[in-house]
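Here's the structure, in structure tokens; my notes come after.
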Amino acid sequence: MKTRGFEVVEKYRDQNITLPRRQTLASAGYDLEAAEDIVIPSIWRLDFVRIFRLIRNGHQMFERDYEMADKILKPVLVPTGLKAYMPDDEVLILANRSSNTFKKNLSLPNGIGVIDADYYNNPNNEGEIFVQMINYGVRPLHIHKGDRIAQGIFMQYLKTDDDDPINRERVSGFGSTNKNKEN
């Protein structure tokens, strides 16, 4: 009986995706690789400076400025070609690799990613794991298929005594748990 692990999603079945492995006996995280080549543009080359100056200098911003800022500061979703299965009381935490920030100027804008057990095999995207990334360096960054981009750590979590989830099952894919709420 399988307890927890990774599988390749159907879309990448014949594309030589490597299942994550820990690098040493004491490593907590399983290294996740990019499933394809992708370029992560520098935020500094996407009119970010223009928006920053407007905000910093107290200029009036118009709707088009806000729309541009929202578009510019969106993270790039890097596909892994993987899905993860685990018991219902576990979560897969996606964390940045220390070398990403130190050597590559790459950040996970959400701090950590949370992959819930019921994300596995969801009908929207089969539970494929994507890593959100922002390049705050000055040059575009080319990520190649097979580059290690994040690490995944399986963790058990606790529930409150009066736990009563709003929804009993997942109805969508990536970023779906607040579909019915306005944030």
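The values are calculated or read from the model by the stated rules, or taken from the named source; none is laboratory data. This is a predicted model, so every value here is computed, not measured. No Cβ is skipped: glycine too gets one built from the backbone with ideal geometry, and neighbour counts run over all protein chains shown.
A compact table of results
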| quantity | calculated |
| --- | --- |
| Unmet requirement for residue 122, which otherwise passes all of (1) assigned to a strand (DSSP E or B); (2) farther than 15 Å from residue 39 by Cα; (3) without any contact (Cβ under 8 Å) to a residue 60 or more places away in the chain | (1) |
| Condition met for residue 48 (on the phi < 0 side of the Ramachandran plot, more than 21 Å from the chain's Cα centre (by Cα) and surrounded by 13 or more Cβ atoms within 10 Å (Cβ to Cβ)) | yes |
| Candidates 65, 14, filtered to the one that is assigned to a loop (DSSP other than H, G, I, E, B) and among the charged types (D, E, K, R) | 14 |
| First in the range 56-76 and closer than 17 Å to residue 40 by Cα, second anywhere and at pLDDT 85 or above, Cβ under 6 Å, 6 or more apart | 75/109; 75/132; 75/133; 75/134; 76/40; 76/133 |
| Some residue of the range 63-85 being exposed (fewer than 14 other Cβ atoms within 10 Å of the Cβ) and β-branched (Val, Ile, Thr) | no |
| Where a residue in the range 16-31 is surrounded by 12 or more Cβ atoms within 10 Å (Cβ to Cβ) and its partner, wherever it lies, is among the polar types (S, T, N, Q) and outside any loop (DSSP other than H, G, I, E, B), with Cβ under 6 Å and at least six apart | 29/151; 31/151 |
| Residue, farthest from residue 142 (Cα to Cα), within the range 40-50, restricted to residues that are in a helix (DSSP H, G or I) and at pLDDT 80 or above | 44 |
| Residue under evaluation residue 58, criteria (1) small (Gly, Ala, Ser); (2) at positive phi; (3) surrounded by 13 or more Cβ atoms within 10 Å (Cβ to Cβ), criterion not met | (3) |
| Residues located in the range 125-136, provided they are within 18 Å of residue 148 (Cα to Cα) and either among the hydroxyl-bearing types (Ser, Thr, Tyr) or assigned to a loop (DSSP other than H, G, I, E, B) (or both) | 128, 129 |
| Residue tally, condition in a helix (DSSP H, G or I) and within 22 Å of residue 4 (Cα to Cα), over the range 95-108 | 0 |
| Hits in the range 68-94 (condition: part of a loop (DSSP other than H, G, I, E, B), modelled with pLDDT under 90 and of a type in the set (A, V, I, L, M, F, W, C)) | 73 |
| Which numbered condition residue 119 misses (of (1) among the hydroxyl-bearing types (Ser, Thr, Tyr); (2) over 29 Å from residue 2 (Cβ atoms); (3) surrounded by 18 or more Cβ atoms within 10 Å (Cβ to Cβ)) | (2) |
